[in-house]
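For reference, the structure discussed in these notes is given below.
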Amino acid sequence: MRFLFLLLALAAGAAQADVRVRVAGTDPPADATLGRDQQFFVRIQFDADEPVSLWTRAYAGGKRIEQGYKSNASAKWSGSGHALGWISFDKPLEVDEIRIVAGGGKPYREREVATLPVKLRWGHGPAAGATAAWVPELQRATAAAWEAERRTAEANRGIGDTVLGLVLMPLFLAVVLACVGAPVWALWKWRGGWRLAAAIPVAVMAFVIGRIIVDTSRDPTSHNLWPLEIIMSGAAGVGLIVVLALARRFTGAGARAS
């Protein structure tokens, strides 16, 4: 019963995780004539339970206008505040509705969260600049949000690099040592034709490493995945050594050599 209540609580919490949006202002007004590529700015007031992106889209006659336009990229917004949306067109047309679309959540989804009836006409005239004081304020807020996201991404990469250095690099070195050590050990311990067979993976590994050195001296980008090349060739060599070792055991060659 407690487990059922827990599931219901989680489901209720997921259902409540949403974003509430309204258009708090526009610049120029919702009934205006704009020049070519002039931006129609939208002041978006939001209350978001989880980080979401907010975009501006234009419609005419209930159909989205998908050609000849530019619109805002969006940072991730959460909590309560204001975001800046905008859209512009490089050809004459009329727009009768602006819709705000939110994207985010787990699983990710996009949904329309606000609409605004407008009478906007884009023409060939020169574009005018923004006049509302909130436009540059929200532009600065957007730039600050992008910078915060960049710093967070860099910090996460730093953590990933630390994990790579502490865990994956020692593992990589251990694999390389095994790939090199097994053929070299067999080359030292075995005799006759077995030694010649063991020399094959050693020669292949030397060829691969030598080719990487020569190629990267000419073009540093030619072997961006050189660790994988070494591991793959070394793993093939280890596989050959294992097969040879089993063959020696079943044929009794190892016992005669000892």
Consider ALA83 against the criteria (1) within 11 Å of VAL113 (Cβ to Cβ); (2) without any contact (Cβ under 8 Å) to a residue 60 or more places away in the chain; (3) open to solvent by less than 20 Å² (accessible area, probe 1.4 Å): it satisfies all of them except one. Which criterion is unmet?
(1)
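Consider ASP96 carefully, then state whether it is under 26 Å from the mean Cα position of the chain (by Cα) and either part of a strand (DSSP E or B) or among the hydroxyl-bearing types (Ser, Thr, Tyr) (or both).
Here the answer is no, as ASP96 does not meet what is asked.
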Yes or no: ASN156 polar (S, T, N, Q), at pLDDT below 95, surrounded by fewer than 11 Cβ atoms within 10 Å (Cβ to Cβ) and under 28 Å from ASP18 (Cβ atoms)?
yes
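Sort through ARG248, ARG218 and tell me the only one that's of a type in the set (D, E, K, R) and either modelled with pLDDT under 80 or open to solvent by 50 Å² or more (accessible area, probe 1.4 Å) (or both). Quick ask: steps written out before the conclusion?
Numbers: ARG248 fails: either modelled with pLDDT under 80 or open to solvent by 50 Å² or more (accessible area, probe 1.4 Å) (or both).
Exactly one residue qualifies, and that residue is ARG218.
Table: residues versus (1) among the small types (Gly, Ala, Ser); (2) part of a helix (DSSP H, G or I); (3) free of Cβ contacts under 8 Å to residues at least 40 places away in the same chain.
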position	(1), (2), (3)
VAL214	no, yes, yes
SER217	yes, yes, yes
PRO220	no, no, yes
ILE230	no, yes, no
SER233	yes, yes, no
ALA245	yes, yes, no
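Residues in the stretch 60-74: is at least one aliphatic (A, V, I, L, M) and either at pLDDT 95 or above or within 16 Å of LYS119 (Cα to Cα) (or both)? Write out each step before concluding.
Taking the stretch 60-74 as the starting set, the residues that turn out to be aliphatic (A, V, I, L, M) are 60, 65, 73.
With the extra rule that they be either at pLDDT 95 or above or within 16 Å of LYS119 (Cα to Cα) (or both), the set shrinks to 60, 65.
Yes, the conditions are met somewhere in the stretch 60-74.
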Exactly one of these conditions fails for SER258: (1) modelled with pLDDT of 85 or more; (2) open to solvent by 90 Å² or more (accessible area, probe 1.4 Å); (3) more than 38 Å from the chain's Cα centre (by Cα). Give me its number.
(1)
Filter the stretch 124-148 for residues that are part of a loop (DSSP other than H, G, I, E, B) and modelled with pLDDT of 90 or more; the one that is least open to solvent (accessible area, probe 1.4 Å) is ALA132
Looking only at residues in the stretch 221-230 that are over 19 Å from ALA186 (Cβ atoms) and not hydroxyl-bearing (Ser, Thr, Tyr), which one is least open to solvent (accessible area, probe 1.4 Å)?
HIS223
Selected residue [modelled with pLDDT of 80 or more and open to solvent by 80 Å² or more (accessible area, probe 1.4 Å)] from VAL238, VAL243:
VAL243
Failed item, numbered, when PHE89 is tested on (1) under 23 Å from the mean Cα position of the chain (by Cα); (2) over 23 Å from ARG140 (Cβ atoms); (3) of a type in the set (Phe, Trp, Tyr):
(1)
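The values are calculated or read from the model by the stated rules, or taken from the named source; none is laboratory data. All values derive from a computational prediction rather than experimental measurement. Note: ideal-geometry Cβ built from the backbone for every residue, glycine included; neighbour counts use all protein chains shown. SASA here: full protein model, heavy atoms, side chains in, ligands and nucleic acids out. Shrake-Rupley method; radii C 1.70, N 1.55, O 1.52, S 1.80 Å.
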